[in-house]
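The values are calculated or read from the model by the stated rules, or taken from the named source; none is laboratory data. These figures come from a predicted structure and were not determined experimentally. Heads up, the Cβs are rebuilt from the backbone with ideal geometry, glycines too, and the neighbour counts pull from every protein chain shown.
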Amino acid sequence: MNENYLDRITLADCRAHLPLLGNNSIDLFLSDIPYGINLDDWDVLHNNTNSALLGQSPAQVGKSAFKRRGKPINGWTQADRNIGREYEAWCKSWSLMIWPKMKSGASLFVFGARRTIHHVINAFEDSGFLLKDILAWKKHSAHHRAQRVSIVFERRGLKDAAETWRGWRLGNLAPIYEPIAWFIKPYRIGGTIADNVLEHGVGAINIAECQINGSNPTNLLEFGFQKDEPRIHEAQKPIKLIEFLIKLTTKEGQVVLDPFMGSGTTAVAAKRLKRHFIGFEIVPEYYEKAIERLDREEERPYSSDLTTSQLRLLEETEKRYGS
Ligand SMILES: C[S@@+](CC[C@H](N)C(=O)[O-])C[C@H]1O[C@@H](n2cnc3c(N)ncnc32)[C@H](O)[C@@H]1O
């Protein structure tokens, strides 16, 4: 049933294809979905055409991160405030399609934004999934953009106000983590999760293969980009983070679905770990780059092809005899 899609990224709106996947055929859903925060054109999932909201500030021109202003300039209209609900409806339009495709007890990792993840959770719960945890991906560093209020007032010639508000800023604290909602597809009435593992091959977590510096992992996941990791997409995720989540919840040969592939990180990670993948991407430029990235995988062996014990042996051998 999945032959046309297996180990391929398909250039398409995933919603046209998800219903065609085989029922009960997916072992893991892992996707960094659009966030509904107007990051770029692909992230505008509402009907609000407020030009201030969707415009660019001078500081955003030519930047690789936020390409849209993402907040109205003169207060919030009702249309601005509906954005979250429209995003939730968009999420639900496809999370309902995912439901029959997942195996019973399978995990779903959904990357989101801190201020819109609750809409994703509502949509997934409405579609039948259960929230298991919210993991935090901790980045090594975070851009902190918060304008000084005193400077704004000085520009307006308001010297007293500038003095009163010195040291205060407009904005957020440095955003050092991103949430990952972890859902499961509930297993059958009358069965336990252990029964589910026996019947469907999913539902357990592989702690032994996912040690971090020799300790059991926590739900705070600190992973950065590798030195040689290509940076292609403004929302790209570190390959090691994605590999960790795949290893945690699947075995070799199982199937990982990512309908929002971007630069193909999930596909590359799945391939390195000998899992099958099914992917979609709607923007041709990202699709092309993801395919190039996958092709490059053919050319070089990766250390993640090795199991942890093989890696340890290799490290010990290198230490003893040099590499
Ligand atoms: C957050 S990005 C994923 C980035 C990815 N994690 C990476 O490491 O490169 C989400 C991607 O979903 C794509 N997208 C948005 N709507 C889509 C749809 N309906 N079908 C398929 N892809 C879509 C966007 O073009 C964007 O590249």
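Mind telling me which of the residues SER95, SER25, SER57 ends up being assigned by TED's automatic domain parsing to the domain that holds GLN236 and away from the ligand (no atom under 16 Å from the Cβ)?
SER25
Answer yes or no: is there a residue in the range 115-123 that is buried (at least 16 other Cβ atoms within 10 Å of the Cβ), among the aliphatic types (A, V, I, L, M) and not assigned by TED's automatic domain parsing to the domain that holds HIS17.
no
Does LYS132 qualify as being in the same structural domain as LEU30 (by TED's automatic domain parsing), crowded, with 20+ Cβ neighbours inside 10 Å, touching a residue at least 12 places away in the same chain (Cβ under 8 Å) and more than 15 Å from the ligand (Cβ to nearest atom)?
Details: in the same structural domain as LEU30 (by TED's automatic domain parsing): yes; crowded, with 20+ Cβ neighbours inside 10 Å: no; touching a residue at least 12 places away in the same chain (Cβ under 8 Å): yes; more than 15 Å from the ligand (Cβ to nearest atom): yes.
The answer is no for LYS132.
Take TRP90 and decide whether it is among the aromatic types (Phe, Trp, Tyr), buried (at least 17 other Cβ atoms within 10 Å of the Cβ) and over 24 Å from ALA174 (Cβ atoms). So that I can check it myself, show each step before the final result.
Values: among the aromatic types (Phe, Trp, Tyr): yes; buried (at least 17 other Cβ atoms within 10 Å of the Cβ): yes; over 24 Å from ALA174 (Cβ atoms): yes.
Here the answer is yes, as TRP90 does meet what is asked.
Quick one: in the range 140-169, which of the residues that are modelled with pLDDT of 95 or more and part of a loop (DSSP other than H, G, I, E, B) is surrounded by the most Cβ atoms within 10 Å (Cβ to Cβ)?
Here the answer is TRP165.
For the range 46-139, which helices (runs of 4 or more DSSP H) that fit wholly inside it have 3 or more residues that are at pLDDT 95 or above and either out of contact with any helix residue (DSSP H, G or I) (no Cβ under 6 Å at 6 or more places or on another chain) or over 24 Å from ARG231 (Cα atoms) (or both)?
Values: elements: 51-54, 78-81, 83-98, 117-126.
Because the criterion is at least 3 residues that are at pLDDT 95 or above and either out of contact with any helix residue (DSSP H, G or I) (no Cβ under 6 Å at 6 or more places or on another chain) or over 24 Å from ARG231 (Cα atoms) (or both), the helices (runs of 4 or more DSSP H) in the range 46-139 that meet it are 83-98, 117-126.
Give the residues of the range 1-22 that are surrounded by fewer than 15 Cβ atoms within 10 Å (Cβ to Cβ) and either part of a strand (DSSP E or B) or of a type in the set (Lys, Arg) (or both), sorted by residue number.
If the condition is that a residue be surrounded by fewer than 15 Cβ atoms within 10 Å (Cβ to Cβ) and either part of a strand (DSSP E or B) or of a type in the set (Lys, Arg) (or both), then ARG15 is the only one that fits.
Go through the range 207-306 and tell me which helices (runs of 4 or more DSSP H), entirely inside it, have 2 or more residues that are over 16 Å from SER31 (Cα atoms). Before you say what the answer is, go through the steps one by one.
Values: elements: 239-249, 265-272, 284-299.
Counting at least 2 such residues, we get 284-299.
Can you tell me which residue is surrounded by the fewest Cβ atoms within 10 Å (Cβ to Cβ) among those in the range 105-114 that are under 12 Å from PHE183 (Cα atoms) and of a type in the set (Gly, Ala, Ser)?
Of the range 105-114, the ones under 12 Å from PHE183 (Cα atoms) are 105-111.
Narrowing the set further to residues that are of a type in the set (Gly, Ala, Ser) leaves 105-107.
On the way: GLY105: 22, ALA106: 27, SER107: 24.
Among residues in the range 105-114 that are under 12 Å from PHE183 (Cα atoms) and of a type in the set (Gly, Ala, Ser), the one surrounded by the fewest Cβ atoms within 10 Å (Cβ to Cβ) is GLY105.
Tell me, please, whether a residue that is surrounded by fewer than 18 Cβ atoms within 10 Å (Cβ to Cβ) and free of Cβ contacts under 8 Å to residues at least 60 places away in the same chain can be found in the range 23-40.
There is no residue in the range 23-40 that is surrounded by fewer than 18 Cβ atoms within 10 Å (Cβ to Cβ) and free of Cβ contacts under 8 Å to residues at least 60 places away in the same chain.
Can you tell me how many residues in the range 60-78 are of a type outside the set (D, E, K, R) and in contact (Cβ under 8 Å) with a residue 24 or more places away in the chain?
Here is the first cut: in the range 60-78, the ones of a type outside the set (D, E, K, R) are 60-62, 64-66, 70, 72-78.
Cutting the leftovers down to in contact (Cβ under 8 Å) with a residue 24 or more places away in the chain gives us 64-66, 70, 77.
Count: 5.
Anything in the range 242-262 that is free of Cβ contacts under 8 Å to residues at least 40 places away in the same chain and in contact with a strand residue (DSSP E or B) (Cβ under 8 Å, 6 or more places away or on another chain)? List them, or say none. Give the steps one after another, and end with the answer.
We begin by selecting, within the range 242-262, every residue free of Cβ contacts under 8 Å to residues at least 40 places away in the same chain; these are 244, 252-253.
Of everything in the range 242-262, those that are free of Cβ contacts under 8 Å to residues at least 40 places away in the same chain and in contact with a strand residue (DSSP E or B) (Cβ under 8 Å, 6 or more places away or on another chain) turn out to be PHE244, GLY253.
So which pairs qualify, if the first residue must be in the range 179-204 and free of Cβ contacts under 8 Å to residues at least 12 places away in the same chain, the second must be among the charged types (D, E, K, R), the Cβ gap must be under 9 Å, and the two must be at least 6 apart or on different chains?
GLY191/GLU199; ASP195/ARG188
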